[in-house]
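Structure, as structure tokens:
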């Protein structure tokens, strides 16, 4: 036995390990921008925005819906973030049938099953009818944790269903995009959703029904190349990545360095691709005001709104 075998460091490490193991997983979050250690509950209360540097973390679809819907009495009495009952979801039973029977390192059906279990959702977006500031409207929100928010047949059908309901009810439509683009596991069938959703937006424009697009980080690929960039008003969260192909792909293709901040919200607004950059805390007020301003003459709003 050597002299250092009697040192107490191993016992001390084990005691520290025992203490830290009692800390619940996910209690603390490190900011990706400033490195500040944040309490997860405090971060949730700030709408997933770092209170130190205003970095916008990605937000779940459930939390987005809660933020962009009027609170209910039940919600105000309960703790935590839950989808408020004022939000009336539709299309929740739609699931992909794996039309191409796609199989790479993992069968597509297994990927769908894992994503559904992790997010408790049927696919990468949630749509429904809700109210914000007393204004009724139709809302679609992406869940990036479901296969990168990719758009397949189900997502395209849900977004189309939302636009169709907005036309039928003569109410505004709002989509909060956070997506990697069209879903490769569904091939050309996923790309067809770009044309289908875009055609419905044109119908809304002809009827004067407002459509507001909100770009969250990231909004790329087929989603960016279709309905995400076709809003009557296009709002973006600060520093959101928005574009068709990613910066690394573009640099490798053109063999040139890209300007600083390329494809971020601030770069896009300076080049006319985005109307306004809106911090997350201000989004509810901003969206509510735009819906009333754009739909005052064409939408069926309650008399209390107009």
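Details
- With one equal scatterer per alpha carbon and no solvent term, the Debye-computed log10 I(q)/I(0) for region 60-202 at 0.20 1/Å reads -1.19.
- When both bridge partners sit in region 123-263, DSSP labels roughly 30% of those beta bridges antiparallel.
- From the Kirkwood radius over Cα pairs of region 248-288, Stokes-Einstein at 37 °C and 0.692 mPa s returns a whole-number translational diffusion coefficient of 268 µm²/s.
- Here, the chain has an Rg and a Dmax of 22.1, 88 Å when only alpha carbons are counted.
- Virtual paramagnetic centre 7 Å along Cα→Cβ of residue 102, amide N under 19 Å, in region 228-258: 244-246
- FRET efficiency for residue 188 and residue 164, using Cβ-Cβ distance with R0 set to 30 Å, rounded to 0.05: 0.85
- 28, 290 arranged by Cβ crowding within 10 Å, fewest neighbours leading: 28, 290
- Beta bridges by DSSP in the chain, antiparallel share as percent, to the nearest 5: 45
- Full extension of the chain between residue 251 and residue 34 gives 75.4 nm of extra length, using 0.36 nm per residue less the Cα-Cα distance.
- Pair residue 90, residue 145: separation of 7 Å Cα→Cβ label points (nm): 2.8
- Region 202-306 - share of DSSP beta bridges that are antiparallel (%, nearest 5): 10
- A Förster distance of 30 Å, applied to the separation of the beta-carbon atoms of residue 110 and residue 239, puts the FRET efficiency at 0.30.
- Fewest neighbouring Cβ atoms within 10 Å first, the residues 36, 186 line up as 36, 186.
- Inter-label distance, nm, simple model (7 Å from Cα along the C-beta direction), residue 293/residue 46: 2.8
- Per residue of the chain, the DSSP helices (runs of n ≥ 4 H) give a summed -39500 (n - 2.57) that works out to -10500 deg cm²/dmol at 222 nm.
- Protection proxy ranking, peptides 134-140, 192-198, average beta carbon neighbours within 10 Å, highest first: 134-140, 192-198
- Gained length - residue 63 relative to residue 205, 0.36 nm times residue gap less alpha-carbon distance: 48.2 nm
- Sorted by Cβ neighbour density within 10 Å, fewest at the top, the residues 262, 273, 163, 142: 262, 273, 163, 142
- Average projection area in nm² (convex hull over Cα atoms of region 83-137, one quarter of hull surface): 4.8
Laboratory data are not the source of any read-out in this text; all were calculated from the coordinates shown. Source: prediction; values computed, not measured. Ideal geometry is used to build each Cβ from the backbone, glycine not excepted, and the neighbour counts take in all protein chains shown.
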